[in-house]
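Notes follow once the structure below has been shown.
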Amino acid sequence: MYFTTANIKDIIKRTLSAQFDVDSTLTKIDRKIYRNFSKEEIGCRHCGLIYVSKLAMDRLQLARNILDRPIYVNSACRCEEHNAEVGGKANSYHIADVKKKIVSRAFDIKFVDGSELLELIIIFWLVGFRRFGINWKEKFLHIDSGKRGTGKFGYLFTY
């Protein structure tokens, strides 16, 4: 996708006009709404748990609509056991726990090269994600909204 003044204005217009509900929690992926993402992509790879922020899913789908091409999710919801297995931080935004009412609001997205990475960061910023982590070795971009606990707002880090 090439960015021009016209299509950037269109993206901003669509983003600002998007009606996001007050954040709630999803326990399943409705393919009529999130037509480009499956329960296998969003659910925990260990136990299948889906306990994800609706607002985060709305933003992910909006980004996919704007890009008009696939977005490949490496990781989304993680139970605490799976998070520990993959070496995730104890306060990871990926963690989902129904009993503790911890809602996942993070995604790891595959990228091919620096050009695609820059495009993804721009689109994800426009739709409302504010924390980005880049893993050059494994070629994924971590995105989250940074709203739980003491998470910073507008933050870039590397692995």
Fill in the blank from the handout: Residues whose built amide H sits under 5 Å from the amide H of Thr25, excluding neighbours closer than 5 in sequence, are Lys54
Exercise for the section: Determine which aspartates and glutamates satisfy two conditions relative to Lys54: a Cα distance under 17 Å, and not lying fewer than 8 residues away in the same chain. Expected result: Asp21, Asp23, Asp30, Glu40, Glu41, Asp97, Asp108, Asp144
Handout entry: Protection-proxy order for peptides 30-43, 105-118, each taking the mean of Cβ atoms within 10 Å per residue, highest first
Key = 105-118, 30-43
Practice task
Take the cross-link list Lys39/Lys100; Lys101/Lys137; Lys99/Lys137; Lys32/Lys89 and give me the ones stretching past 31 Å between alpha-carbons.
Solution key: Lys101/Lys137; Lys99/Lys137; Lys32/Lys89
Completion exercise
Interchain or sequence-distant (5+) residues whose placed amide H lies within less than 5 Å of the amide H of Ile109 are Asn74, Leu141, His142, Ile143
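Read-outs throughout are calculated quantities, based only on the coordinates presented, and are distinct from any laboratory measurement. Bear in mind the structure is a predicted one, so any value in this text is a computation, not a measurement. Note: ideal-geometry Cβ built from the backbone for every residue, glycine included; neighbour counts use all protein chains shown.
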